[in-house]
Amino acid sequence: MRAVVTVIGKDMVGILGKVATTCANVNANVMEVTQSILQEYFAMIMIIDISALSCDIDELRQKLTASVPEMTIHVMHEEIFDSMHRI
Amino acid sequence: MLNMKDIMETITMIQDENLDIRTITMGISLLDCADTDIDKSCEKVYEKICRCAKDLVKTGQDIEKRYGIPIVNKRISVTPIAMLLAVSGGDPVKYAKALDKAAKAVKIDFIGGFSALVQKGFSAGDRELIKAIPRALAETNFVCSSVNVGSTRAGINMDAVKIMGEVVRETAELTKDKQCMGAAKLVIFCNAVEDNPFMAGAFHGPGEPDTVIHVGVSGPGVVRAALQKLPDDASMDEVADLIKKTAFKITRMGQLVGSDASKALGVPFGIIDLSLAPTPAVGDSVAHILEEIGLDTCGSCGTTAALAMLNDAVKKGGVMASSHVGGLSGAFIPVAEDAGMIDAARKGVLSIEKLEAMTAVCSVGLDMIVIPGETPAEVISALIADEAAIGMINSKTTAVRVIPAIGLKDGEELEFGGLFGTGPVMKISMVSPSKMINRGGRIPAPIQSLKN
């Protein structure tokens, strides 16, 4: 089972580190990271393995939001992207 | 493999373009609750709803968290109460109160089914229920009511049409201290569908299973945002194609949510209603889609053509995305719930006459239209008859949900709040149709009904 974490907002030091640490704390394995910076905006998409997650998806989202409160964070189960974009 | 563009598209749809699941609606059959003692019957109704729907809200919230998609409403539709009333007799408002109490207990947003199906005539319980609608809606908070007065197969029951004009007025009068809100929860149908998840017209048809889960998706904002990216010289073929693709994606999301909810609740999955249902929120308007297609203001010449294309493209896109499409499926045009329609009505560009033409090609009918408080019941009845005629002849669902703004004249506004929005009072022709309305009887079923 995998989930997609997206982090969007103004670029600053340490975003990736904080997000990755929070994921590690709840036993979510980071499988893939893509990030880009458009002008001063930072957009990161992270695919994480949540099979052994120690909390539920919403709690992870709250923790991530608390770790980088300046950023907009979404954590969504992978299935939604599969169902919307694959036939 | 997931790609970044697809992921960002989904996120933008939810975050900026108001994509949401409008409702998860659980249909519950109450046929096994009928009892000759009305109090016992009400007790069974309350018990069954609470038992079947106890996890509905929680399941909805769990899905919201798992996928990060807002599910705006959780609702219940029940067997038309007139059928229970036929067995029990007694004061129909007791049923409304039982429904209201159950809705409150399971914390849902609306419960629909204080309804009667009288397209061909009244059977036991029907007249009593219809007469009790104004009181039922005035004395409850969550209950919605609907009456089916016509169908392509049966024609139009003009006796019911006459009564419904009076009922609409009385409902508005009894709730005049609450912005005439009662009338916003009352729909008069022709060709009502039995699996509609949208309020106020939802009820659980007698042909449905004992319990079932329906999902209503929304997303006018997403369609509009997609169209915004098209160049101005893109042809109508390209516009229609883009709407189809967008509708497909929205519906797939609904399908996922519906099948998850049905699994979690252990209730069969019914249908997805792939309607573009606007809300008063900025950027969530069907009128704005029509304007994006290329009209200066919704209501101008060209509106009907644009809406016809939109309605059809939404269906075509959605139909392949879901295993079962049903309900009303198409584009809704509720004036008070749509920011663009409110503006167009205020400007005087959008009139009731134009809306009537639009209802011939959209998925429902004259919806959330505020009319002057002094409008006589016969005029409302005649408006219902006109709308039912459009539905009957075109073999489609049409509906009337008008709110007589008691004490207000045109130019003034009713403020409902929440999903119900704001309604500017619209002009309506007051020329009397009373001789026709008082004739009563039935408009015979049209030649289109002879399909066998």
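Quick look at the values:
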quantity	calculated
Residue B:81 over 17 Å from residue B:44 (Cβ atoms) and either at pLDDT 95 or above or of a type in the set (A, V, I, L, M, F, W, C) (or both)	no
Failed item, numbered, when residue B:217 is tested on (1) touching a Phe, Trp or Tyr at 6+ places or on another chain (Cβ under 7 Å); (2) closer than 25 Å to residue B:257 by Cβ	(1)
Test result for residue A:33, more than 14 Å from chain B (Cβ to nearest Cβ) and either surrounded by fewer than 19 Cβ atoms within 10 Å (Cβ to Cβ) or part of a loop (DSSP other than H, G, I, E, B) (or both)	no
Residue check, residue B:120 of a type outside the set (Ser, Thr, Tyr), in a loop (DSSP other than H, G, I, E, B) and at positive phi	no
Residue list for the range B:137-180, restricted to those being closer than 26 Å to residue B:391 by Cα and either charged (D, E, K, R) or modelled with pLDDT under 95 (or both)	B:153, B:159, B:162, B:166, B:169, B:170
Matching residues in the range A:2-42 - criterion: being of a type in the set (A, V, I, L, M, F, W, C) and within 22 Å of residue B:70 (Cβ to Cβ)	A:3, A:4, A:5, A:7, A:8
Residue pairs meeting the criteria (Cβ under 8 Å; at least 6 apart or on separate chains; first within 27 Å of residue B:441 (Cα to Cα) and free of Cβ contacts under 8 Å to residues at least 60 places away in the same chain, in the range B:119-143; second in a helix (DSSP H, G or I) and polar (S, T, N, Q))	B:133/B:171; B:134/B:171
Helices (runs of 4 or more DSSP H) completely within the range B:1-116 that count 1 or more residues being away from chain A (no Cβ under 14 Å)	B:38-53, B:56-67, B:81-88, B:93-105
Any chance residue A:11 is farther than 30 Å from residue B:318 by Cβ, of a type outside the set (Ser, Thr, Tyr) and free of Cβ contacts under 8 Å to residues at least 40 places away in the same chain	yes
When residues of the range B:254-291 are limited to those that are crowded, with 24+ Cβ neighbours inside 10 Å and of a type in the set (Gly, Ala, Ser), the one nearest to residue B:59 (Cα to Cα)	B:261
Top-ranked residue of the range A:1-21 - restricted to ones that are out of contact with any Asp or Glu (no Cβ under 9 Å at 6 or more places or on another chain) and surrounded by fewer than 19 Cβ atoms within 10 Å (Cβ to Cβ), ranked as farthest from residue A:77 (Cα to Cα)	A:13
Matching residues, the range A:62-73, being surrounded by fewer than 19 Cβ atoms within 10 Å (Cβ to Cβ) and not polar (S, T, N, Q)	A:63, A:66, A:69, A:70
Matching residues, the range B:289-298, being under 21 Å from the mean Cα position of the chain (by Cα) and within 19 Å of residue B:352 (Cβ to Cβ)	B:290, B:298
Residue within the range B:405-424 that is at pLDDT 95 or above, in contact with a helix residue (DSSP H, G or I) (Cβ under 7 Å, 6 or more places away or on another chain) and outside any helix (DSSP H, G or I) present	no
Residue ID - farthest from the chain's Cα centre (by Cα), chosen from residues in the range A:39-86 that are within 8 Å of chain B (Cβ to nearest Cβ), over 15 Å from residue B:10 (Cβ atoms) and free of Cβ contacts under 8 Å to residues at least 24 places away in the same chain	A:56
Any chance residue B:194 is part of a helix (DSSP H, G or I) and not polar (S, T, N, Q)	no
Complete set of residues in the range B:228-251 that are within 18 Å of residue B:13 (Cα to Cα) and either among the basic types (Lys, Arg) or surrounded by fewer than 14 Cβ atoms within 10 Å (Cβ to Cβ) (or both)	B:228, B:229, B:244, B:245, B:249
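One line per residue, one yes/no per condition, for (1) aliphatic (A, V, I, L, M); (2) surrounded by 22 or more Cβ atoms within 10 Å (Cβ to Cβ); (3) at pLDDT below 95; (4) over 18 Å from the mean Cα position of the chain (by Cα):
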| position | (1), (2), (3), (4) |
| --- | --- |
| B:66 | no, no, yes, yes |
| B:102 | yes, yes, no, yes |
| B:115 | no, yes, no, no |
| B:128 | no, no, no, yes |
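The values are calculated or read from the model by the stated rules, or taken from the named source; none is laboratory data. In this text the structure is predicted, and so the values were computed from the model without any measurement. Note that we place each Cβ from the backbone using ideal geometry, even for glycine, and neighbour counts take in every protein chain shown.
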